[in-house]
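The structure under discussion appears below in the form of C-alpha coordinates.
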Amino acid sequence: MIKPIVTSPLMLRAPGEDADPTDALDAQVGQDLLDTLEAHRHECVGMAANMIGVRKRIIVAVEGTRSLLMYNPEVLEGTGAYETEEGCLSLPGTRPCTRFRTIRVRYLDERGHERTGSFSGYMAQIIQHEVDHTNGILI
(Lines give C-alpha, C1' and ligand atoms only; values in the text may rest on other atoms or scores of the structure.)
Protein backbone atom coordinates (compact mmCIF):
# COMPACT_ATOMS: atom_id res chain seq x y z
CA MET A 1 0.00 0.00 0.00
CA ILE A 2 1.28 3.47 -0.88
CA LYS A 3 1.85 5.47 2.30
CA PRO A 4 2.17 9.24 2.84
CA ILE A 5 5.70 10.60 3.21
CA VAL A 6 6.65 11.77 6.71
CA THR A 7 8.31 15.20 6.86
CA SER A 8 8.47 15.64 10.63
CA PRO A 9 12.11 15.91 11.77
CA LEU A 10 10.99 14.56 15.16
CA MET A 11 9.82 11.29 13.59
CA LEU A 12 12.76 11.13 11.21
CA ARG A 13 15.29 11.55 14.04
CA ALA A 14 13.89 8.60 16.02
CA PRO A 15 16.09 5.51 15.54
CA GLY A 16 14.32 2.43 14.27
CA GLU A 17 13.87 -0.86 16.08
CA ASP A 18 15.04 -4.17 14.64
CA ALA A 19 12.63 -5.76 12.20
CA ASP A 20 11.74 -9.40 11.55
CA PRO A 21 10.93 -10.10 7.90
CA THR A 22 9.14 -13.31 8.90
CA ASP A 23 6.71 -11.29 11.04
CA ALA A 24 3.57 -10.40 9.07
CA LEU A 25 3.51 -6.77 10.27
CA ASP A 26 7.17 -6.14 9.43
CA ALA A 27 6.78 -7.89 6.07
CA GLN A 28 3.84 -5.58 5.33
CA VAL A 29 6.01 -2.55 6.12
CA GLY A 30 8.54 -3.87 3.62
CA GLN A 31 5.84 -4.19 0.98
CA ASP A 32 4.51 -0.72 1.80
CA LEU A 33 8.02 0.68 1.31
CA LEU A 34 8.30 -1.02 -2.08
CA ASP A 35 4.89 0.30 -3.13
CA THR A 36 5.59 3.83 -1.89
CA LEU A 37 9.01 3.94 -3.53
CA GLU A 38 7.50 2.78 -6.83
CA ALA A 39 4.93 5.59 -6.61
CA HIS A 40 7.75 8.12 -6.12
CA ARG A 41 10.33 6.56 -8.42
CA HIS A 42 10.36 9.65 -10.62
CA GLU A 43 11.82 11.63 -7.68
CA CYS A 44 13.25 9.07 -5.26
CA VAL A 45 15.76 6.16 -5.34
CA GLY A 46 15.50 4.87 -1.77
CA MET A 47 13.35 4.92 1.33
CA ALA A 48 13.47 3.93 4.97
CA ALA A 49 10.54 2.84 7.12
CA ASN A 50 10.53 6.02 9.20
CA MET A 51 9.81 7.95 5.99
CA ILE A 52 6.40 6.25 5.97
CA GLY A 53 5.88 6.63 9.72
CA VAL A 54 7.21 3.28 10.98
CA ARG A 55 10.12 3.10 13.43
CA LYS A 56 11.67 -0.09 12.07
CA ARG A 57 15.09 -0.77 10.53
CA ILE A 58 13.84 -1.50 7.02
CA ILE A 59 15.06 0.13 3.80
CA VAL A 60 14.55 -0.20 0.08
CA ALA A 61 16.93 1.03 -2.62
CA VAL A 62 16.64 1.11 -6.40
CA GLU A 63 19.19 -1.19 -8.04
CA GLY A 64 18.91 -0.96 -11.81
CA THR A 65 15.40 -2.01 -12.78
CA ARG A 66 14.55 -3.60 -9.43
CA SER A 67 14.35 -2.54 -5.81
CA LEU A 68 16.41 -4.18 -3.08
CA LEU A 69 14.63 -4.62 0.27
CA MET A 70 16.82 -4.87 3.38
CA TYR A 71 15.84 -5.57 6.96
CA ASN A 72 18.20 -4.43 9.75
CA PRO A 73 20.94 -3.24 7.36
CA GLU A 74 24.31 -2.53 8.92
CA VAL A 75 27.26 -1.00 7.12
CA LEU A 76 30.20 -3.17 8.18
CA GLU A 77 32.90 -1.20 6.40
CA GLY A 78 33.39 1.55 3.89
CA THR A 79 36.28 2.68 1.74
CA GLY A 80 36.97 5.71 -0.41
CA ALA A 81 35.32 8.51 1.57
CA TYR A 82 34.16 11.48 -0.47
CA GLU A 83 32.10 14.64 -0.01
CA THR A 84 28.78 15.03 -1.82
CA GLU A 85 25.36 16.68 -1.59
CA GLU A 86 22.12 14.77 -1.17
CA GLY A 87 18.45 15.50 -1.21
CA CYS A 88 15.71 13.64 0.60
CA LEU A 89 12.06 13.15 -0.25
CA SER A 90 11.20 13.95 3.39
CA LEU A 91 13.18 17.19 3.57
CA PRO A 92 13.43 20.26 1.32
CA GLY A 93 16.68 21.13 -0.44
CA THR A 94 20.05 19.40 -0.43
CA ARG A 95 22.73 19.07 2.22
CA PRO A 96 26.43 18.18 2.24
CA CYS A 97 27.49 14.80 3.60
CA THR A 98 30.37 12.34 3.56
CA ARG A 99 29.87 8.92 1.93
CA PHE A 100 32.00 5.91 1.02
CA ARG A 101 32.46 4.80 -2.59
CA THR A 102 32.35 1.11 -1.62
CA ILE A 103 30.58 -0.46 1.35
CA ARG A 104 29.96 -3.91 2.76
CA VAL A 105 26.52 -4.38 4.29
CA ARG A 106 24.97 -7.14 6.40
CA TYR A 107 21.17 -7.43 6.31
CA LEU A 108 18.25 -9.82 6.30
CA ASP A 109 16.41 -10.47 3.05
CA GLU A 110 12.62 -10.75 2.79
CA ARG A 111 12.78 -14.45 3.80
CA GLY A 112 14.82 -13.71 6.93
CA HIS A 113 18.11 -15.03 5.52
CA GLU A 114 21.23 -13.16 6.53
CA ARG A 115 23.06 -11.66 3.57
CA THR A 116 26.27 -9.74 3.19
CA GLY A 117 26.76 -7.66 0.08
CA SER A 118 29.28 -5.26 -1.38
CA PHE A 119 27.96 -2.17 -3.11
CA SER A 120 29.71 0.67 -4.86
CA GLY A 121 28.98 3.97 -6.53
CA TYR A 122 25.49 5.38 -6.45
CA MET A 123 23.96 2.22 -4.94
CA ALA A 124 26.39 2.48 -2.00
CA GLN A 125 25.42 6.13 -1.55
CA ILE A 126 21.70 5.31 -1.54
CA ILE A 127 22.13 2.53 1.02
CA GLN A 128 24.22 4.76 3.31
CA HIS A 129 21.57 7.49 3.16
CA GLU A 130 18.79 5.05 4.05
CA VAL A 131 20.79 3.33 6.80
CA ASP A 132 21.34 6.79 8.29
CA HIS A 133 17.55 7.18 8.32
CA THR A 134 17.15 3.93 10.29
CA ASN A 135 19.60 5.35 12.84
CA GLY A 136 17.74 8.66 13.12
CA ILE A 137 20.47 10.57 11.28
CA LEU A 138 19.32 13.29 8.91
CA ILE A 139 21.60 14.76 6.27
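For this structure, a couple of remarks:
- The criterion of at least 1 residues that are charged (D, E, K, R) and modelled with pLDDT under 95 is met by the following strands (runs of 3 or more DSSP E) wholly inside region 35-128: 58-63, 66-88, 91-108.
- When region 1-48 is filtered for residues that are out of contact with any Ser or Thr (no Cβ under 7 Å at 6 or more places or on another chain) and small (G, A, S), the ones remaining, listed by number, are S8, A14, A19, A24, A27, G30, A39, G46.
- Matching residues in region 1-34 - criterion: being in a loop (DSSP other than H, G, I, E, B) and among the small types (G, A, S): S8, A14, G16, A19
- Region 24-51 - residue that is in contact with a helix residue (DSSP H, G or I) (Cβ under 7 Å, 6 or more places away or on another chain) and farther than 21 Å from G112 by Cβ and, of those, surrounded by the most Cβ atoms within 10 Å (Cβ to Cβ): M51
- Conditions (1) within 27 Å of T102 (Cα to Cα); (2) of a type in the set (D, E, K, R); (3) surrounded by 14 or more Cβ atoms within 10 Å (Cβ to Cβ): number failed by E83: (3)
- Scanning region 2-54 for residues that are touching a residue at least 60 places away in the same chain (Cβ under 8 Å) and in contact with a Pro (Cβ under 8 Å, 6 or more places away or on another chain) returns A27, G30.
The values are calculated or read from the model by the stated rules, or taken from the named source; none is laboratory data. From a predicted model like this one, the values you see are computed outputs, not experimental measurements. For neighbour counting, all protein chains shown are included, and Cβ atoms are generated from backbone atoms with ideal geometry for every residue, glycine included.
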